[in-house]
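The values are calculated or read from the model by the stated rules, or taken from the named source; none is laboratory data. Being a predicted model, the structure only gives us computed values, none of them experimental. Note that we place each Cβ from the backbone using ideal geometry, even for glycine, and neighbour counts take in every protein chain shown.
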Amino acid sequence: MSNRRPALSVVVPWCDRAEIAATLQHNGPLLEAHGAELIVSNCGGDAEALERALSGSRLPPGRTITIACRDFSKGLAINLGASVARAPWLGVLDADILLGGGCLDDVRAALRPDAVVTVARVYEAVRGERDLGSELTDVIFSVELVRTRGAHTRIETKRLSLIDGSRSGPGLVFLHRRAFVAVGGMNSQLSGWGWEDIDLIARLQLQLHMVREEVGAVMHVTHSRPASQGGEARRTEANNLMECVANYAIGNLRGSYDADRAAWRRRAKVRELA
């Protein structure tokens, strides 16, 4: 392991996603060029399969952290990855994301202590035909929270382009590690899929009054998802939204970083990347 402190720690939460072999082969040199370290956080996945995927890629310095848990939790995986990060700046990439050539340049130019940076455009590797006319360019979804003293906080949840089919990437997030820890990181108590990424952004805005910047572009490796899983994701997202709003209503603006770290640090296996 190099004694030189990395400029950026990038956490990739993972559990048995075969796409990681191709995405790391693509992303590894880009991360290395930016002085970043890579942290692959294996939350319940096949450790041997992950080792095989890592062995075929040119990777920057970093480490894997592995826990044997029954169900994958993206929030838990990110929190544990962040707990072994060495850089002052922290980023999160999904295992099925290919960085655009200038994405990290855009991200690093936008980073500052009072900002949370998310990816502006996520393109599908396999794009469908689009013929939606020219009267609209984008559809933007947002939630506005009004506090008892009258302060309004608007959180953009999703942006869809009707021109090129891209969407925003609120889960592809970069920020100062101190800010992540200050709000308790991710909330691993949320279940299923959906809203956990927005919850982090909401708490950063509500508690630390951080500004959100959206920059850069990435490619999502298209894969099929059963219709039943899509329906389940919509249900759990709605449930998570209501749970988060209930937390905000009682002034609970912290994630589970401290509890996750305490519960798993002695059971987690950490290995340095060669």
Discussion item. What are the pairs with Cβ atoms under 6 angstrom where one residue, in the range 31-49, is aliphatic (A, V, I, L, M) and the other, located anywhere, is modelled with pLDDT of 95 or more and in a helix (DSSP H, G or I)? Sequence gap at least six, or different chains.
Written reply: 38/31; 39/81
Response to the item:
When every residue in the range 147-199 that is farther than 20 Å from residue 216 by Cα and of a type in the set (A, V, I, L, M) is compared, the one farthest from the chain's Cα centre (by Cα) is 151
Worksheet item: Any idea which residue in the range 66-81 is modelled with the lowest pLDDT, counting only those that are hydrophobic (A, V, I, L, M, F, W, C) and surrounded by fewer than 24 Cβ atoms within 10 Å (Cβ to Cβ)?
Response: 69
Worksheet entry | Neighbours by Cβ (under 6 Å, 6+ apart or cross-chain): first from the range 178-189, of a type in the set (Ser, Thr, Tyr); second crowded, with 18+ Cβ neighbours inside 10 Å and outside any loop (DSSP other than H, G, I, E, B) | 188/75; 188/76; 188/260
Worksheet item: How do the helices (runs of 4 or more DSSP H) wholly within the range 176-274 filter down when requiring 3 or more residues that are touching a Pro at 6+ places or on another chain (Cβ under 8 Å) and modelled with pLDDT of 90 or more: which remain?
Response: 177-182, 196-208
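Table: residues versus (1) of a type in the set (Asp, Glu); (2) part of a loop (DSSP other than H, G, I, E, B); (3) touching a Pro at 6+ places or on another chain (Cβ under 9 Å); (4) under 16 Å from residue 90 (Cα atoms).
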{"site": "18", "(1), (2), (3), (4)": "no, yes, no, no"}
{"site": "24", "(1), (2), (3), (4)": "no, no, no, no"}
{"site": "31", "(1), (2), (3), (4)": "no, no, yes, yes"}
{"site": "38", "(1), (2), (3), (4)": "no, no, yes, yes"}
{"site": "51", "(1), (2), (3), (4)": "yes, no, no, no"}
Discussion item. Pairs please, first residue from the range 117-144 and over 14 Å from residue 163 (Cα atoms) and at pLDDT 95 or above, second anywhere and surrounded by 11 or more Cβ atoms within 10 Å (Cβ to Cβ) and aromatic (Phe, Trp, Tyr), Cβ atoms under 6 Å, 6+ apart in sequence or on different chains.
Written reply: 117/174
Worksheet, complete the sentence: Matching residues in the range 234-274 (touching a strand residue (DSSP E or B) at 6+ places or on another chain (Cβ under 7 Å) and within 30 Å of residue 63 (Cβ to Cβ)) number 8
Worksheet entry | Set 153, 148: member being among the hydroxyl-bearing types (Ser, Thr, Tyr), without any contact (Cβ under 8 Å) to a residue 60 or more places away in the chain and in a loop (DSSP other than H, G, I, E, B) | 148
